[in-house]
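The values are calculated or read from the model by the stated rules, or taken from the named source; none is laboratory data. Quick caveat, the model's predicted, so the values are computed rather than measured. Positions of Cβ are generated from backbone atoms using ideal geometry, with glycine treated the same way; all protein chains shown enter the neighbour counts. The protein model used for the area step is the full one, side chains on, heavy atoms only, and it has no ligands, DNA or RNA in it. Shrake-Rupley method; radii C 1.70, N 1.55, O 1.52, S 1.80 Å.
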Amino acid sequence: MKAHELQELPVDELKKRLADEEVSLSNLRFQLATSQLESPIKVRSVRREIARLQTVINAKLRTEKKL
């Protein structure tokens, strides 16, 4: 999901998606360690999605504190 699409979501939904992506990353890392992962690039894409979610969450929280 793109950053501008994430900015439209409420913080609670973003935190829920962040938790889901972190679980997904741990599963992918386990699969990678046991050589069951078909495409190692999936790990990179999930890490980027986690970073994107954290960035949007932090930006929203900062704007809420200013108001």
In whole percent, the fraction of accessible protein surface over the chain that belongs to carbon or sulfur atoms, probe radius 1.4 Å, stands at 50 percent
Tell me the GluC sites (Glu not before Pro) within the chain that lie in a loop according to DSSP and have at most 12 other beta-carbon atoms within 10 Å.
Glu8, Glu38
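Compute the Kirkwood hydrodynamic radius of the chain, taking the inverse of the mean of 1/r over all pairs of distinct Cα atoms, and give it in Å to one decimal.
This gives a value of 12.9 Å.
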Below 8 Å between Cα atoms, with a sequence gap of 6+, how large is the relative contact order for the chain in percent?
47 percent
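May I ask you to derive the FRET efficiency for Glu64 and Asp20 from their Cβ-Cβ distance with R0 = 22 Å, giving the value to the nearest 0.05? Intermediate values should be presented prior to the final figure.
Details: r = 23 Å, r/R0 = 1.03.
That pair, Glu64 with Asp20, gives E of 0.45.
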Taking Cα atoms, the helix 41-66 axis meets the longest principal axis of the chain at an angle in degrees (rounded to 10) of 20 degrees
Return the distance in nm (one decimal) between the two label points of a simple spin-label model at Lys2 and Gln54, each offset 7 Å from Cα along Cα→Cβ.
2.4 nm
Leaving out ligands and nucleic acids, and using a 1.4 Å probe, what accessible area per residue does the chain come to in Å²?
78 Å²
With Cα coordinates, the longest principal axis of the chain makes an angle with the long axis of helix 11-33, in degrees rounded to 10, of 20 degrees
